[in-house]
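Participant: Quick one: this structure, given as structure tokens, is what I'll be asking you about.
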Amino acid sequence: MRLVAPLAVVGVATALLSACGNSSSNPNQYGPNPTLPGPHRGLLPTMKIASPAGWGDQRPVVPAGYAITAIATDLKIPRQTLVLPNGDILVAEGRGGGESKLTPKDFVASKLKAQGTSPVKGGNRLTLLRDANGDGVYETRTVFAENLNAPYGLALIGNTLYVADQDALLKFDYRTGQTRASGPPVVVTPLPSAVNHHWTKALTASPDGRFLYVGIGSNSNITERGMNVETDRAMIWQVDAQTGAHRQFATGLRNPTALAIQPVTNQLWAVVNERDEIGPNLVPDYLTQVREGGFYGWPYSYWGQHVDNRVRPQNAAKVASAIVPDYGLGSHVAALGVAFSSAAMGPHFADGVFVGEHGSWNRTPPSGYRVIFVPFTNGRPSGPPIDFVTSFMGKDGKTRGRPVGVTVDPKGALIVADDLSNTIWRVTPVRATAAPPTR
Amino acid sequence: MADERGPVARARLHPVHAFLLAGCVPLFLGALLSDWAYSSTYEIQWTNFASWLLVGALVLAGLALLWALVDLLRADRGWRGRSLIYVLVLLAAWVVGFINALVHAKDAWAKMPEALILSVIVAILVLAACWLGLSTWRSGEVK
């Protein structure tokens, strides 16, 4: 009898600490009208840090008719890639951030989250991979540029290579065939870098080459570092490639981690990571066409007019103006890569976008840890996502890789950067007429 | 009520125990005031202060609690009743304080108004524990 009371206390405590049992439900959160439950958080946030493991003999799983190979390993935190006109691949490697820890929570959370990432130190460099004879083996590997500061976004306009470090937009002269930068970079414009909670600077170039678009993440989950540090954060800048002058192209995007220009329409699209700690099924990360001058809600609201009560002071006028994004990707998947496909990727994956999902921490069961394909029709998303590269998280619950940037090689390949196993993966359609793929 | 052992047999709380107990009071009060400042200004630094003040308060209160438990086990029967009340009130203060620390880990305004309410409760409990503790005689012989 005496045992009953302590057991009851433990039971109540467990119920208080857990997310009250609603974590296993999986409402449909794909597409334009995701199911959004009410916000909820237990006394502790739901945390599920998947422990890493090596690939061994295993490989990520791709659809029938496709093959996957590792074209580079032992990199130093590869994030985004760029396929150059001659087929060479540039890889941006680095780890940014390093915000000061403000609260007891920051100390605990940073220790826990570090368990789910690679212990390797970021390379702060660009690595170039070359497959000279087109056999799918990238036999040449050089360091194109080093001593950078957490490079992430990459873009090429003519003979100029643009690199978005975590604190500045840089440019290098580039000649086709070059394997090493001919000199140090020139700063096009500094980028907002105080605190740098979400440090990645996504980058893409306008089709006419006049502008660069830079994705700048918020400095907090939901303003817990104060509103002052959110100046010039959670937005996309349009930067003049010649002068470095910038203006705010779109705002209220919590963490726009990858940008891409849609072929034919020439519209800017982005994947955006939404806020945490209001439940396993809030808020869906999203893929959206970015409307010029648009406001997408952060921090005041999410998915249009759903007010986030954690923000003070509130702003009803901003909430009213918030745009509903185009396509939900599911909550906490951590979309970090986006690329428009082409006919070279095979008939089933020709029209649409690939999205790299780094994977969740604030959810049980975990979500993401894969590359998906969102099919498009007439320039708009037109159906549920299709798994394209999976098994980064094994059935044993261990993670062997975490996808970041995805890039479509016009020759017919998807390049996937994996910042856990420090690998670049290449997924290619297996052509019936060609020789069997070399593995 | 006369104590048969006389004044020489009575000793106050050990000075270190008293320091730990009294020391956590301004920290808990500071957390309460910081919470109140955040709730009225929305200035985030106040809630950062509150979180750290709570951690400091829990360390001191936790050590005081351990000391009080040891004292309780060593106390002679005559003083056990009163010591027990002191220990229970201090335990309650620590438990509510710990829950309050977890609530303070919620981002921005998500912690409100629970954080402020819990801080008020903890402040009352810790003042009561301090009152009881500092007016309790320590048991045992004084050499």
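Participant: Could you check the stretch A:74-89 and list, in sequence order, the residues that are in contact with a strand residue (DSSP E or B) (Cβ under 6 Å, 6 or more places away or on another chain) and either more than 24 Å from A:Leu161 (Cα to Cα) or in a strand (DSSP E or B) (or both)?
Facilitator: A:Pro78, A:Arg79, A:Gln80, A:Thr81, A:Leu82, A:Val83, A:Ile89
Participant: For A:Val355, work out the one condition from (1) within 25 Å of A:Pro410 (Cβ to Cβ); (2) without any contact (Cβ under 8 Å) to a residue 40 or more places away in the chain it doesn't fulfil.
Facilitator: Condition (2) is where A:Val355 drops out.
Participant: Another one. Show the residue pairs meeting these rules: Cβ distance below 8 Å; 6+ apart or different chains; first residue within the stretch A:40-60 and within 14 Å of chain B (Cβ to nearest Cβ); second residue of a type in the set (Asp, Glu).
Facilitator: As it stands, the answer is A:Arg41/A:Glu277; A:Pro45/A:Asp276; A:Pro45/A:Glu277, since those pairs meet every condition given.
Participant: Go through A:Tyr296, A:Tyr302, A:Tyr286 for me and flag whichever is crowded, with 24+ Cβ neighbours inside 10 Å and within 30 Å of B:Ser40 (Cβ to Cβ).
Facilitator: A:Tyr302
Participant: Condition check: buried (at least 18 other Cβ atoms within 10 Å of the Cβ) and at pLDDT 95 or above. Does B:Val59 satisfy that?
Facilitator: Considered against the rule, which asks whether it is buried (at least 18 other Cβ atoms within 10 Å of the Cβ) and at pLDDT 95 or above, B:Val59 comes out as no.
Participant: Let me ask something else. Just for the stretch B:41-67: of the residues that are over 22 Å from A:Ser100 (Cβ atoms) and touching a Phe, Trp or Tyr at 6+ places or on another chain (Cβ under 9 Å), which one is farthest from the other protein chains (Cβ to nearest Cβ)?
Facilitator: The residue in question is B:Ala64.
Participant: Take A:Asn255 and tell me if it is crowded, with 21+ Cβ neighbours inside 10 Å and modelled with pLDDT under 95.
Facilitator: No; evaluated as a whole, the condition is false for this residue.
Let's see how each residue does on (1) part of a loop (DSSP other than H, G, I, E, B); (2) surrounded by fewer than 17 Cβ atoms within 10 Å (Cβ to Cβ); (3) out of contact with any Pro (no Cβ under 7 Å at 6 or more places or on another chain):
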position	(1), (2), (3)
A:Ala320	no, yes, yes
A:Gly328	no, no, no
A:Val333	yes, no, yes
A:Ala339	no, no, yes
A:Val353	no, no, yes
A:Asn362	yes, no, no
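Participant: Quick one: in the stretch A:183-231, of everything that is within 14 Å of another protein chain (Cβ to nearest Cβ) and of a type in the set (Val, Ile, Thr), which residue is farthest from the chain's Cα centre (by Cα)?
Facilitator: Restricting to residues being within 14 Å of another protein chain (Cβ to nearest Cβ) and of a type in the set (Val, Ile, Thr), the top hit is A:Val229.
Participant: Mind checking which residues of the stretch A:228-250 are touching a Gly at 6+ places or on another chain (Cβ under 7 Å) and over 11 Å from A:Ile216 (Cα atoms)?
Facilitator: A:Ala241
Participant: Now for a different question. Give the number of residues within the stretch A:341-351 that are of a type outside the set (Asp, Glu), more than 23 Å from A:Gly401 (Cβ to Cβ) and touching a Pro at 6+ places or on another chain (Cβ under 8 Å).
Facilitator: Counting residues in the stretch A:341-351 that are of a type outside the set (Asp, Glu), more than 23 Å from A:Gly401 (Cβ to Cβ) and touching a Pro at 6+ places or on another chain (Cβ under 8 Å) gives 3.
Participant: Return the pair list, or none, for Cβ contacts closer than 8 Å from residues in the stretch A:296-319 that are within 14 Å of chain B (Cβ to nearest Cβ) to residues that are assigned to a strand (DSSP E or B) and crowded, with 23+ Cβ neighbours inside 10 Å, at least 6 apart or on different chains.
Facilitator: Here the result reads A:Val307/A:Ser301; A:Asp308/A:Ser301; A:Asp308/A:Tyr302, each pair linking the stretch A:296-319 to a residue that is assigned to a strand (DSSP E or B) and crowded, with 23+ Cβ neighbours inside 10 Å.
Participant: Just to be sure I understand the filter: pairs with C-beta atoms under 8 Å, separated by 6 or more residues or on different chains, first member in the stretch A:385-409 and under 15 Å from A:Val62 (Cβ atoms), second member surrounded by 24 or more Cβ atoms within 10 Å (Cβ to Cβ) and acidic (Asp, Glu). Which pairs pass?
Facilitator: A:Phe392/A:Asp418; A:Gly401/A:Asp418; A:Pro403/A:Glu357; A:Pro403/A:Asp418
Participant: For the stretch A:61-89: of the residues being surrounded by 16 or more Cβ atoms within 10 Å (Cβ to Cβ) and charged (D, E, K, R), which is nearest to the other protein chains (Cβ to nearest Cβ)?
Facilitator: This residue is A:Arg79.
Participant: Considering only the stretch A:23-39, state which residues are surrounded by 13 or more Cβ atoms within 10 Å (Cβ to Cβ) and within 14 Å of chain B (Cβ to nearest Cβ).
Facilitator: Residue satisfying the conditions is A:Pro39 alone.
Participant: So the check is Cβ under 6 Å with 6+ separation or different chains; which pairs have a first residue in the stretch A:373-384 that's among the hydroxyl-bearing types (Ser, Thr, Tyr) and a second one that's in a strand (DSSP E or B)?
Facilitator: Qualifying pairs under 6 Å: A:Ser382/A:Pro375; A:Ser382/A:Phe376.
Participant: Next up: Name the single residue that is nearest to B:Ala50 (Cα to Cα) among those in the stretch B:68-113 being within 14 Å of chain A (Cβ to nearest Cβ) and not in a helix (DSSP H, G or I).
Facilitator: The residue in question is B:Ala105.
Participant: Restrict the check to the stretch A:210-230 and report whether at least one residue is basic (Lys, Arg) and surrounded by fewer than 21 Cβ atoms within 10 Å (Cβ to Cβ).
Facilitator: Yes, the stretch A:210-230 contains a residue that is basic (Lys, Arg) and surrounded by fewer than 21 Cβ atoms within 10 Å (Cβ to Cβ).
Participant: Output the residues belonging to the stretch A:241-274 that are more than 19 Å from the chain's Cα centre (by Cα) and not polar (S, T, N, Q).
Facilitator: A:Ala241, A:Gly244, A:Ala245, A:His246, A:Arg247, A:Phe249, A:Pro263, A:Val264
Results for (1) at pLDDT below 95; (2) in a loop (DSSP other than H, G, I, E, B); (3) on the phi < 0 side of the Ramachandran plot; (4) within 14 Å of chain B (Cβ to nearest Cβ), shown as yes or no for each residue.
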| position | (1), (2), (3), (4) |
| --- | --- |
| A:Val91 | no, no, yes, no |
| A:Glu99 | yes, yes, yes, yes |
| A:Gly116 | yes, yes, yes, no |
| A:Leu126 | no, no, yes, no |
| A:Val137 | no, yes, yes, no |
| A:Arg141 | no, no, yes, no |
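Participant: Next question, about the same structure. So how many residues does the stretch A:189-203 have that are in a strand (DSSP E or B), in contact (Cβ under 8 Å) with a residue 40 or more places away in the chain and surrounded by fewer than 24 Cβ atoms within 10 Å (Cβ to Cβ)?
Facilitator: Counting residues in the stretch A:189-203 that are in a strand (DSSP E or B), in contact (Cβ under 8 Å) with a residue 40 or more places away in the chain and surrounded by fewer than 24 Cβ atoms within 10 Å (Cβ to Cβ) gives 1.
Participant: For the stretch A:89-106, how many residues meet the condition of being among the small types (Gly, Ala, Ser) and over 17 Å from the mean Cα position of the chain (by Cα)?
Facilitator: 2
Participant: Another question, then. Of all residues being surrounded by fewer than 20 Cβ atoms within 10 Å (Cβ to Cβ), in contact with a helix residue (DSSP H, G or I) (Cβ under 8 Å, 6 or more places away or on another chain) and small (Gly, Ala, Ser) in the stretch B:21-40, which is farthest from the other protein chains (Cβ to nearest Cβ)? Just the residue, please.
Facilitator: In this case the residue turns out to be B:Ala22.
The values are calculated or read from the model by the stated rules, or taken from the named source; none is laboratory data. Computed from a predicted structure; not experimentally measured. Here the Cβ is made from the backbone with ideal geometry for all residues, glycine too, and neighbour counts use every protein chain on show.
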